[in-house]
1. What is the residue count in the range 117-126 for residues that are surrounded by 13 or more Cβ atoms within 10 Å (Cβ to Cβ) and either on the phi > 0 side of the Ramachandran plot or in contact with a Gly (Cβ under 6 Å, 6 or more places away or on another chain) (or both)?
2. In the range 4-59, which residues are modelled with pLDDT of 90 or more, in a helix (DSSP H, G or I) and over 19 Å from residue 82 (Cβ atoms)?
3. Restricted to the range 37-66, and to residues that are over 15 Å from residue 93 (Cβ atoms) and charged (D, E, K, R), which residue is surrounded by the most Cβ atoms within 10 Å (Cβ to Cβ)?
4. Looking at the range 69-116 only, could you name the residues that are under 18 Å from residue 30 (Cα atoms) and aromatic (Phe, Trp, Tyr)?
5. Could you grab the pairs with beta carbons closer than 8 Å, sequence gap of 6+ or different chains, first residue in the range 103-116 and loosely packed, with under 13 Cβ neighbours inside 10 Å and modelled with pLDDT of 95 or more, second one in a loop (DSSP other than H, G, I, E, B) and of a type outside the set (Ser, Thr, Tyr)?
6. Looking at the range 118-130, is at least one residue under 15 Å from residue 24 (Cβ atoms), at pLDDT 95 or above and not in a loop (DSSP other than H, G, I, E, B)?
7. Checking residue 76 against (1) surrounded by fewer than 18 Cβ atoms within 10 Å (Cβ to Cβ); (2) under 14 Å from the mean Cα position of the chain (by Cα): exactly one of these is not met. Which one?
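The values are calculated or read from the model by the stated rules, or taken from the named source; none is laboratory data. The structure displayed is predicted, hence computed values, not measured ones. Here the Cβ positions follow ideal geometry from the backbone for every residue, glycine too, while neighbour counts run over all protein chains shown.
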Amino acid sequence: MKRLWPLLFLLGLGAALAQGAGGLWTRTCAVCHGEKGQGVRPYPGLQASAPLFATPEGRRYLVLVVLYGKKGEAGLMPGFAQLKDEELAALLNHLRVLLQAKGDPFAPEEIAKGRGLNLAPDAVKRPEKP
């Protein structure tokens, strides 16, 4: 099993097996964004985020949002930097599946690259559309 962990994380399943990505999603995200990412008023649905999973800039933005939060029209989304890289990768992978978004699964190393920036939520900006 120890040899399978790197492969499972690449598939976005490592933290899901360790803790249950669906359960983690329910505890941290679904209260505002819904069980399927559809949104819970006044908080937005996340369907418009699907294209972000397929571009490097979009992926970086998603990592920064889960780490540092985001200030938006509906208020302030908190960051979840207290969670492990594996947990945040599992959350983003769970969302990718919910949205049926194109793009590779997130790996914990991708989350780790965003740490240490100490960004304020209003400094996290969505990339411009091409």
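1. 1
2. 47, 48, 49, 50, 51, 52, 53, 54, 56, 57, 58, 59, listed by residue number.
3. Let us first name the residues in the range 37-66 that are over 15 Å from residue 93 (Cβ atoms), namely 38-45, 47-48, 51, 55-57, 60-61, 64.
Those still in the list that are charged (D, E, K, R) too: 41, 57, 60.
Details: 41: 9, 57: 12, 60: 15.
Only one residue fits best here, namely 60.
4. Passing the criteria: only 80.
5. Once the first residue is loosely packed, with under 13 Cβ neighbours inside 10 Å and modelled with pLDDT of 95 or more and sits in the range 103-116, no partner that is in a loop (DSSP other than H, G, I, E, B) and of a type outside the set (Ser, Thr, Tyr) comes close enough.
6. Looking only at the range 118-130, we keep the residues that are under 15 Å from residue 24 (Cβ atoms), and these are none.
Within the range 118-130 (the criterion being under 15 Å from residue 24 (Cβ atoms), at pLDDT 95 or above and not in a loop (DSSP other than H, G, I, E, B)), the answer is no, since none of the residues qualifies.
7. Residue 76 satisfies all of (1) surrounded by fewer than 18 Cβ atoms within 10 Å (Cβ to Cβ); (2) under 14 Å from the mean Cα position of the chain (by Cα) except (2).
Condition check ((1) touching a residue at least 40 places away in the same chain (Cβ under 8 Å); (2) within 16 Å of residue 120 (Cα to Cα); (3) touching an Asp or Glu at 6+ places or on another chain (Cβ under 7 Å); (4) in a helix (DSSP H, G or I)) across all residues:
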| residue | (1), (2), (3), (4) |
| --- | --- |
| 61 | yes, yes, no, yes |
| 64 | yes, yes, no, yes |
| 70 | yes, yes, no, no |
| 82 | no, yes, no, no |
| 86 | yes, no, no, yes |
| 90 | yes, no, no, yes |
| 93 | yes, no, no, yes |
| 96 | yes, no, no, yes |
